[in-house]
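The values are calculated or read from the model by the stated rules, or taken from the named source; none is laboratory data. Note that the structure is a prediction, hence the values are computed from the model and not measured. Note: ideal-geometry Cβ built from the backbone for every residue, glycine included; neighbour counts use all protein chains shown. When the accessible area is computed, the model is the full protein with side chains, heavy atoms only, and any ligands, DNA or RNA have been set aside. Shrake-Rupley method; radii C 1.70, N 1.55, O 1.52, S 1.80 Å.
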Amino acid sequence: MSRITTNEQRLWDSLMAMGEIGGTEKGGCCRLALTDLDQQARDLFVSWCKEAGCTIRIDQMGNVFARRAGRNNALPPVLMGSHIDTQPTGGKFDGVYGVLAGLEVIRSLNDHGIETEAPVEAAIWTNEEGSRFPPAMVASGVFAGVFDLEYGLSRADLDGKTIGEELARIGYAGDQPVGKPVKAYFEAHIEQGPILEAEETTIGVVTDAQGQRWYELTITGQEAHAGPTPMLRRKDALVGSARVVDRVNQIGLEHGPLACSTVGLMQVFPNSRNVIPGEVFFTVDLRHPDDSVLSEMDAKFRAYCDQMASELGLELQLEEIWYSPPVPFAEDCVSSVRQAAQALGYSHRDIVSGAGHDACYVARVAPTGMIFVPCEDGISHNELERAKAEDLAAGCNVLLSAVLNQAC
Ligand code: HGY
Ligand code: MN
Ligand code: MN
């Protein structure tokens, strides 16, 4: 296992410079997928990679691959990467750390004059968050053959703009086919949960990622006047939705401690203080590392929605828009990460990812591993998201070592 290390300050400076693009007053980052800010961030990454001697390849889903040539470029590359799109109240580290750690590995290979047998690449996956264009991880999903290209390009935001249109608008509608042979893929990421920090552990050796199901619901009642309409005559779509929100939360608690259940987006119509809401659109996110438990949660959720609709005389439209099963990562990659942490003397522990990542889809077409580092109070998808430079550098050193283990 290699013990060469990367440049902590350069990695930190790159993260801070990238974080300025969409930077918020609270120190977070709002850089939604395929906005002008995403374009600026992509352009900055591409310029840095070219300075590091990389060639750039952009595929039809806008995924960006920066390649550092090896001795034998006919070999499939060892790939690193993550995403640079953020949540509306995102931080400076979720996703972008994995992209810039990949670049820092390439820069460090240059510094040390190391030539690898296989090429090494750093990637940006388009639209990992699924916040603007649901579902999440759609571009790595197309890369893995889970979705076809037409589905991927046709995903639309709430204004009806599609991924295909927005890629063209920002100049990242590549002409390269989506999908290619990859020797191994490694994604460095902040944990986004409290475990590593609480245990004062530097490296998370990610063995699996939990499964998730995403739903969209429209509950329809009848708008009416908030004053003269007797309570028992109402068809209040928001009351029905509120009952579902509470039941979703209970389902998560009933399947604890590993289950998660969230309602994150809600639109009330007509959203006027003295009109009984006639229609509510909202989303549900259910997660568990065990697929059979996730199915149980799904069944309970659906049954309750039907029961609520009949009790309150409301119309229910419920669509499951996304299912990403639990993912075991490749033992070969997981042990590369574990051995690298060991060789470099970092405290480490096996961990299951609560969040979805592009690695969950790439794992279907290439041996894949992930490296977690702690984040402050386990907070993420929040402008207060913070990570320590020394932890980020430790994760990057493990990434370098794991990549060399596969590429040399
Ligand atoms: O939702 C997730 O787990 C990821 O942040 N897209
Ligand atoms: Mn992420
Ligand atoms: Mn995220």
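The set of residues in segment 378-408 being more than 16 Å from ligand 3 (Cβ to nearest atom) and over 26 Å from ALA118 (Cβ atoms) consists of LYS388, ALA389, GLU390, ASP391. Among the residues of segment 137-148, is there at least one that is open to solvent by 10 Å² or more (accessible area, probe 1.4 Å) and more than 19 Å from the chain's Cα centre (by Cα)? So far as segment 137-148 goes, yes, one or more of its residues are open to solvent by 10 Å² or more (accessible area, probe 1.4 Å) and more than 19 Å from the chain's Cα centre (by Cα). The condition (being touching a strand residue (DSSP E or B) at 6+ places or on another chain (Cβ under 7 Å), closer than 14 Å to MET80 by Cα and among the acidic types (Asp, Glu)) is satisfied by just one residue among ASP350, ASP358, ASP391: ASP358. Of the residues screened, ASP85 is one that is within 21 Å of THR162 (Cβ to Cβ), assigned to a loop (DSSP other than H, G, I, E, B), charged (D, E, K, R) and within 16 Å of ligand 1 (Cβ to nearest atom). Residue pairs whose Cβ atoms lie under 8 Å apart, sitting 6 or more positions apart in sequence or on different chains, and linking a residue in segment 231-242 that is open to solvent by less than 90 Å² (accessible area, probe 1.4 Å) to a partner that is hydroxyl-bearing (Ser, Thr, Tyr), are ALA237/THR220. Highlighted here are the helices (runs of 4 or more DSSP H) found entirely within segment 110-198 that include at least 3 residues which are aliphatic (A, V, I, L, M) and closer than 20 Å to PRO325 by Cα: 138-143. With respect to the stated conditions, VAL205 is part of a strand (DSSP E or B), at pLDDT 95 or above, surrounded by 16 or more Cβ atoms within 10 Å (Cβ to Cβ) and β-branched (Val, Ile, Thr). In segment 341-371, of all residues being touching a helix residue (DSSP H, G or I) at 6+ places or on another chain (Cβ under 6 Å) and part of a loop (DSSP other than H, G, I, E, B), the one that is nearest to ligand 1 (Cβ to nearest atom) corresponds to PRO367.
With respect to the conditions (1) free of Cβ contacts under 8 Å to residues at least 60 places away in the same chain; (2) part of a helix (DSSP H, G or I), ASN72 lacks only one, and its number is (2). Of the numbered criteria (1) within 23 Å of the chain's Cα centre (by Cα); (2) open to solvent by less than 50 Å² (accessible area, probe 1.4 Å); (3) among the β-branched types (Val, Ile, Thr); (4) away from ligand 2 (no atom under 16 Å from the Cβ), the one VAL365 fails is (2).
Just to be sure, is GLY152 open to solvent by less than 50 Å² (accessible area, probe 1.4 Å), farther than 30 Å from ALA394 by Cα and free of Cβ contacts under 8 Å to residues at least 60 places away in the same chain? Spelling it out, it is not the case that GLY152 is open to solvent by less than 50 Å² (accessible area, probe 1.4 Å), farther than 30 Å from ALA394 by Cα and free of Cβ contacts under 8 Å to residues at least 60 places away in the same chain.
Under the condition of being more than 19 Å from the chain's Cα centre (by Cα) and open to solvent by less than 10 Å² (accessible area, probe 1.4 Å), the residues counted in segment 71-102 number 2.
The C-beta contact set for segment 381-398 (first residue over 13 Å from LYS92 (Cβ atoms), second residue open to solvent by 10 Å² or more (accessible area, probe 1.4 Å) and modelled with pLDDT under 95, distance under 6 angstrom, 6+ apart or interchain) comprises ASN397/THR5.
With the condition kept exactly as written, say whether any residue in segment 54-66 is in contact with a Cys (Cβ under 8 Å, 6 or more places away or on another chain), outside any loop (DSSP other than H, G, I, E, B) and surrounded by fewer than 19 Cβ atoms within 10 Å (Cβ to Cβ). Yes, there is a match, as at least one residue in segment 54-66 is in contact with a Cys (Cβ under 8 Å, 6 or more places away or on another chain), outside any loop (DSSP other than H, G, I, E, B) and surrounded by fewer than 19 Cβ atoms within 10 Å (Cβ to Cβ). Annotation note: Cβ proximity below 8 Å between a residue of segment 15-37 that is among the charged types (D, E, K, R) and a residue that is assigned to a helix (DSSP H, G or I) (sequence gap 6+ or interchain) occurs for ARG31/LEU37; ARG31/ASP38; ARG31/ALA41; ASP36/ILE170. Since PRO257 meets every condition but one in (1) within 30 Å of ILE195 (Cβ to Cβ); (2) open to solvent by less than 60 Å² (accessible area, probe 1.4 Å); (3) without any contact (Cβ under 8 Å) to a residue 12 or more places away in the chain, which condition does it not meet? Unmet condition: (2). Screening GLN39 against (1) surrounded by 16 or more Cβ atoms within 10 Å (Cβ to Cβ); (2) more than 17 Å from GLU128 (Cβ to Cβ) leaves a single unmet condition, (2).
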